[in-house]
1. Show me the strands (runs of 3 or more DSSP E) found entirely inside the stretch 283-343 where at least 1 residues are more than 24 Å from Ile87 (Cα to Cα).
2. Looking at (1) more than 27 Å from Ser316 (Cα to Cα); (2) of a type outside the set (Ser, Thr, Tyr); (3) at pLDDT 95 or above, which one does Arg134 not meet, given that it meets all the others?
3. Given the criteria aromatic (Phe, Trp, Tyr), surrounded by fewer than 16 Cβ atoms within 10 Å (Cβ to Cβ) and under 25 Å from Gly210 (Cα atoms), does Tyr290 qualify?
4. Which one of Gly64, Gly59, Gly3, Gly37 is in a strand (DSSP E or B), within 16 Å of ligand 1 (Cβ to nearest atom) and touching a strand residue (DSSP E or B) at 6+ places or on another chain (Cβ under 6 Å)?
5. Check whether at least one residue in the stretch 79-90 is open to solvent by less than 50 Å² (accessible area, probe 1.4 Å), in a strand (DSSP E or B), at pLDDT below 95 and more than 10 Å from ligand 2 (Cβ to nearest atom), and report yes or no.
6. Out of the residues in the stretch 112-125 that are within 16 Å of Asn51 (Cβ to Cβ) and in contact with a strand residue (DSSP E or B) (Cβ under 9 Å, 6 or more places away or on another chain), which is nearest to ligand 1 (Cβ to nearest atom)?
7. If a residue counts only when it is buried (at least 20 other Cβ atoms within 10 Å of the Cβ) and more than 21 Å from the chain's Cα centre (by Cα), which helices (runs of 4 or more DSSP H) contained entirely in the stretch 185-280 have at least 1 such residues?
8. Condition first: touching a Leu at 6+ places or on another chain (Cβ under 7 Å), more than 15 Å from ligand 2 (Cβ to nearest atom) and not in a loop (DSSP other than H, G, I, E, B). Now tell me which residues in the stretch 91-143 satisfy that.
Amino acid sequence: MKGKAAVLGLDRKISIIEKEIPEPKEDEVLINVKACGVCRTDHHIYHGQFNIKQPVVLGHEFSGIVVKVGKKVRNFKEGDIVAAHPIISCGECEYCVSGHSNLCENAKVLGGAGEDIYDGGFQEYTIVPEKNLRKFNNKVDFEEAAFAEPLGCAVRGIQKSRLSLGEKVLIVGAGPMGLLLVQLASIYGASMIIVSEIDEQKRKIAEQLGAHITVNPKEVNVPEFVKDITKGGVELAIEAVGKVETFETAFKSLKKMGRAMIFGVPGDTAEYSIPLFPIYYEEYEIIGSYAVSYESFNIAVELLNNKRVNVKPLISHRFKLEEILSAFDLMDKNVGLKKMIKI
Ligand SMILES: [Zn+2]
Ligand SMILES: [Zn+2]
């Protein structure tokens, strides 16, 4: 039996091939992938910005149906609707045992960036270890379930940001991640959520999903605007684009003791120089947030199961597996929100 797969080859080209369907080992599960979101990371790898082994099947935001389980698998059966946590951590290093499996020293990754990569979700059939699968109830469809990974990243970000009831928040960038962060900030009880975003359509969606005020950084000086409207600045500013200038916008919008989070993926050589005295004198904090832990993934699954987060407005385009290059083309041009591959 064979299944279709979009394989990124050594020549940096993606081709659709027929691949032998793998047999799950005793602790593994074979999934028939139904939906896989295209992430910026996939886009970066496709353009050669991260050095990873090839050939490889990318895609780390996927959901599907269980088709076959290994001998020792107890918690899943044929027909279950599942999503995969893409970081297979060792469970033994100091980060794993303290609940930060995203920082595991020996991690393997399904379809994503990392030193040790297994094939991911841009294919009809894929293998996932049982411990990396989570189940959904039947009110969640495959597209929604495919958001478990990005939502888990946003959960990790909000947890690390220490956002608390009544704080004012600036979110810089209303891409899919920014829009998930807006909704989580709302659940956490932010008293004001300000979103800075160039694209008018994305600003509108941000408003529908809980942003109180949106601004176009092409038209206003965002830090000045934020300091004016909040009478001094926000407690928390989250950079969700991955650029130096958007981080600067976040940092400069803080009040004293404010926290700036680097959430968007910066280029690996990106630098920003900060005068040290104000960090000392005004007690600013700079926080990073990377990927998803088992804990934040579990929370994301429950938020989706209970319809606490609305992910449908975040999907701007849907493609078949054969059309995956069209999704990357749109990302080249920065058009739209989440591109979903339906398999
Ligand atoms: Zn991703
Ligand atoms: Zn570990």
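1. Working: elements: 285-288, 315-320, 338-342.
Result: 285-288, 315-320.
2. (1)
3. Values: aromatic (Phe, Trp, Tyr): yes; surrounded by fewer than 16 Cβ atoms within 10 Å (Cβ to Cβ): yes; under 25 Å from Gly210 (Cα atoms): yes.
Spelling it out, Tyr290 is indeed aromatic (Phe, Trp, Tyr), surrounded by fewer than 16 Cβ atoms within 10 Å (Cβ to Cβ) and under 25 Å from Gly210 (Cα atoms).
4. Details: Gly64 fails: within 16 Å of ligand 1 (Cβ to nearest atom); Gly59 fails: in a strand (DSSP E or B); Gly3 fails: within 16 Å of ligand 1 (Cβ to nearest atom).
After ruling out the rest, the residue left standing is Gly37.
5. No, there is no match, as no residue in the stretch 79-90 is open to solvent by less than 50 Å² (accessible area, probe 1.4 Å), in a strand (DSSP E or B), at pLDDT below 95 and more than 10 Å from ligand 2 (Cβ to nearest atom).
6. Residues of the stretch 112-125 within 16 Å of Asn51 (Cβ to Cβ): 112-117.
In the following step, the residues that additionally are in contact with a strand residue (DSSP E or B) (Cβ under 9 Å, 6 or more places away or on another chain) were identified as 112, 114-117.
Numbers: Gly112: 7, Gly114: 12, Glu115: 17, Asp116: 17, Ile117: 14 Å.
Per the criteria, the residue is Gly112.
7. Values: elements: 200-208, 222-229, 244-252.
Those helices (runs of 4 or more DSSP H) span 222-229, 244-252.
8. Tyr118, Tyr125, Ile127, Val128 - these are the residues of the stretch 91-143 that are touching a Leu at 6+ places or on another chain (Cβ under 7 Å), more than 15 Å from ligand 2 (Cβ to nearest atom) and not in a loop (DSSP other than H, G, I, E, B).
The values are calculated or read from the model by the stated rules, or taken from the named source; none is laboratory data. Computed from a predicted model, the values in this text were never measured in an experiment. Glycine also receives a Cβ, built like all others from the backbone with ideal geometry; neighbour counts cover every protein chain displayed. Calculation scope for accessible area: heavy atoms of the full protein, side chains included, ligands and nucleic acids excluded. Shrake-Rupley method; radii C 1.70, N 1.55, O 1.52, S 1.80 Å.
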